[in-house]
Amino acid sequence: MGRKVTVATCSLNQWALDFEGNLRRILRSIEIARNKGAKYRLGPELEICGYGCWDHYFESDTILHSYQVLAQLLVAPVAQNIICDVGMPVMHRNVRYNCRVIFLNGKILLIRPKMVLANEGNYQEMRWFAPWQKSRKSEDHFLPRMIQELTKQELVPFGDLVLATKDTCIGTEICEELWTPHSPHIDMGLDGVEIFTNSSGSHHVLRKAHTRVELVNLATIKNGGIYLLANQKGCAGDRLYYDGCSMISVNGSTVAQGAQFSLDEVEVLTATVDLEDIRTFRAEISSRNLMASKVVPYPRIKVDFALSCHDDVLVSTSEPFQWHFHSLGEEISLGPACWLWDYLRRSQQAGFFLPLSGGLDSSAVACLVYSMCRLVCQAVSNGNKEVLVDIQRILNRDDVVPQDPQKLCSQLLTTCYMATQNSSQDTYNRAKELAEQIGSYHINLNIDGVVKAIVEIFRIVTGKMPQFLVHGGSSREDLAMQNVQARVRMVFAYLFAQLSFWSRGMRGGLLVLGSTNVDESADINPIGGLSKTDLRTFIQYCIERFHLNSLRSIVSAPATAELEPLAEGQVTQTDEEDMGMTYKELSVLGRLRKVGKAGPYSMFCKLINMWKEIYTPREVAEKVKYFFRMYSLNRHKMTTLTPSYHAENYSPDDNRFDLRPFLYQSNWPWQFRCIDHQVLKLEGAEGDQDFDDLD
């Protein structure tokens, strides 16, 4: 009697609305799964259209083209004799659902709608889909005529059902359902489901991978079973990078692990498991069996198909192993680098242009491009034909086979040091040395002439000549003089990005890379969602891993914009002095605001304990009030923030992640008065009696 089953899950680099490319990758994954002996193939969430379609889900075209792709999958020779589980949007009785379509040999077995929708942070699934709320129930779904003609089915089951094959039982979860307090796999497992599948569209967040792995393993450690997780991989067309990590778990242990970061468009994992291991594991857990006797059963769809074969005595099973997690420095070096590669090859541009100031932020961006070049060379040496074709197209050379990251970086990355009279020799040297070490094509230029011309125009029109603060000007004049330099650098960045290749007799334009500053403009920013503290960790990793010793002087130098006059050739302006706090403090305040959901008063109450060894309550109050005052005055800049790689929940991105007003009462009178009242109480004075209810 056959009892060993081989199942497959995969990570696919799907692209929103790229139906042709998505179809090709799905077919390739099915082919690989079949060649590895799998009888069940699971793909990522909404893989047919790509997860990141956003408001394109409202369009009937998206559903139409998804069905057209499904039609080709149903008749594809590689999709025969294997149960295929694919994701697409489906309109059922005029309601749009996020669904799995499970088919075998040209027949649809089940359309399973998502029951719990992700609707926080970057996810807005409730905007486009409705959750299926009829647990353990189904309805007849009328198939479109184009599908009816192929399957000879008019109606198929639509709802919360499980599949009963000749040898086992299979249940479906979709992404968010794994993260809920009472996931469907709990009752499914109690009802005898042995294989759980989860198609996911989960994006990269620093330090998140272990949580996802633990959830999958915990899903079967108390209840037994096989759990397959399939996740999308790559940039689907926006700020997110979907980080793979597809996996297979058996009875709480990992038996197959996919890459978190990779340039491979298709990755298929398989595992062979003895079903008797599931049954014996469950049979000895008496508490589980007692609960199973009371569970409400799931309706089963009988499938005349077996995942196992009769003669499997000599078939070996997959062994558990310990999952390998990346360090923080590795995550930062790999995630944004993979995102940059997808953005570059899909944007049809010829490379990147980066204003390299010699400071920490722009140096970190340069290192990410260098890391991307290392990944490209590694993929080519590993025989990745898709990457080779892409890099040859980008470089417009069919004879190129990149092997040296530095040489490739010289072809893809143009760096530019834009000096003024306020720039120091130190930052000039640091930018030059880093460019030499990573191999970028480096340009030095001086923009003083343009800056002076702009200020002179203002003098001619108004009769007034603004001055820096150190030269007797006001704070307003000083800020305006700094902004002129920053804006001129932006104009030069776009000019050189568009024409530098042309001036060198080469084809194509360059993507302008930003480096954190909300005052700058760029095409994309790979570090916009990272804190300064994490960036320093990444720079240290680059020193050790990539041997970029020029970074040592960069990481040890005080951060400065170099927009104010030098004093005897030395920098007097520093970012932390301008901000009125350290970057470490800013990181704490920013996390409390966004991640901790703290307003001014709550933040103060938390910080008087966190910082009690270094600041008095009054000093904490002043820092909190200053933070919120400056946050209020600058919040509008988030609405035009350069699209940034989303790395963690610290991100201030106003586009869809951190939705808040951009016009505030910047003095926060009520909130700040509450803080002042509490400070007086802590200092032993009597506060305003109107606020006694805050005690």
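Values quoted throughout were computed directly from the atomic coordinates according to the rules given, and no laboratory measurement underlies them. This structure is a prediction, so every number in the text was calculated from the model and none was measured. Note that each Cβ is placed from the backbone with ideal geometry, even for glycine, and that neighbours are counted across all protein chains shown.
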Task: Lys/Arg +1, Asp/Glu -1 at C-beta; segment 465-621 dipole; positive extreme among 592, 496, 543 - done: 592
- [ ] Pairs of Cα atoms under 8 Å, at least six residues apart: use those to get the relative contact order of the chain, whole percent.
- [x] 11
- [ ] Quick one: Debye curve from the alpha-carbon atoms of segment 21-165 only, equal weights, vacuum; give me log10 I(q)/I(0) at q = 0.18, 0.19 Å⁻¹ to two decimals.
- [x] -1.08, -1.20
TODO: Give a quick list of chymotrypsin sites (Phe, Trp or Tyr not before Pro) in segment 338-372 that DSSP marks as loop, anything other than H, G, I, E or B, with at most 14 other Cβ atoms within 10 Å.
DONE: none
Open item on the list: I'd like the distance separating the alpha-carbon centroids of segment 386-437 and segment 465-527, in whole Å.
Closed with: 19
Task: Magnitude of the charge dipole, segment 322-480, Cβ model with Lys/Arg +1 and Asp/Glu -1, debye to 20 - done: 340
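Per residue of the chain, what 222 nm ellipticity follows from adding -39500 (n - 2.57) for every DSSP H run with n ≥ 4, rounded to the nearest 500?
On the way: 22 runs with 279 residues, N = 695.
Calculated from helices alone, the mean residue ellipticity at 222 nm is -12500 deg cm²/dmol.
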Open item on the list: Per residue, how big is the convex hull of segment 525-571 when only Cα atoms are used? Give it in Å³.
Closed with: 102
Open item on the list: Tell me the Rg and the Dmax, in Å, that the Cα atoms of segment 242-387 produce.
Closed with: 23.0, 68
Task: residue 471-residue 629 FRET efficiency (beta carbon distance; Förster radius 30 Å; 0.05 resolution) - done: 0.65
Task: Two-site label geometry, residue 547 and residue 137: point separation in nm, points 7 Å out along Cα→Cβ - done: 6.7
TODO: May I ask you to list the aspartates and glutamates whose Cα is less than 14 Å away from that of residue 407, ignoring any residue fewer than eight positions away on the same chain?
DONE: 436
Task: Computed lengthening from residue 154 to residue 314, 0.36 nm per intervening residue step minus Cα-Cα distance - done: 53.3 nm
Task: Rounded to 5, the percent of DSSP beta bridges in the chain classed as antiparallel - done: 55
- [ ] Please list, or write none, the lysines whose alpha carbon is within less than 16 Å of the alpha carbon of residue 452, excluding same-chain residues fewer than 8 places away.
- [x] 464
- [ ] Express in nm, to one decimal, how much length is gained between residue 612 and residue 280 on full extension, taking 0.36 nm for each residue of separation and deducting their alpha carbon distance.
- [x] 114.0 nm
TODO: Please give the residues of segment 97-113, grouped as numeric ranges, whose backbone N is less than 18 Å from a label point set 7 Å along the Cα-to-Cβ vector of residue 127.
DONE: 97-98
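Can you tell me how segment 421-505 classifies by the Cα gyration tensor, rounded, prolate or oblate, using a/c under 1.5 as the rounded cut?
Values: a/c = 3.44, a/b = 1.71, b/c = 2.00.
Cα axes put segment 421-505 in the oblate bin.
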- [ ] Report the net charge of residues surrounding residue 413, where surrounding means a beta-carbon distance below 13 angstrom and charges are Lys +1, Arg +1, Asp -1, Glu -1.
- [x] +1
TODO: Calculate the dipole size of segment 311-383 relative to its Cα centre from +1 charges on Lys and Arg beta carbons and -1 charges on Asp and Glu beta carbons; express the result in debye to the nearest 20.
DONE: 520
Task: Reachable lysines, given that their alpha-carbon falls under 30 Å from the alpha-carbon of residue 134 and they are not under 8 places away in the same chain - done: 39, 107, 114, 152, 166, 222, 294, 302
Task: Alpha carbon centroid spacing (whole Å) that separates segment 596-655 from segment 211-260 - done: 34
Task: Protection-proxy order for peptides 171-177, 99-105, 344-350, each taking the mean of Cβ atoms within 10 Å per residue, highest first - done: 171-177, 99-105, 344-350
Open item on the list: Just the number: Rg to Rh for segment 293-338, Cα atoms, Kirkwood Rh, two decimals.
Closed with: 1.27
TODO: Please determine, in degrees from 0 to 90 and to the nearest 10, the orientation of helix 425-438 with respect to the longest principal axis defined by the Cα atoms of the chain, where the helix direction is its Cα long axis.
DONE: 30
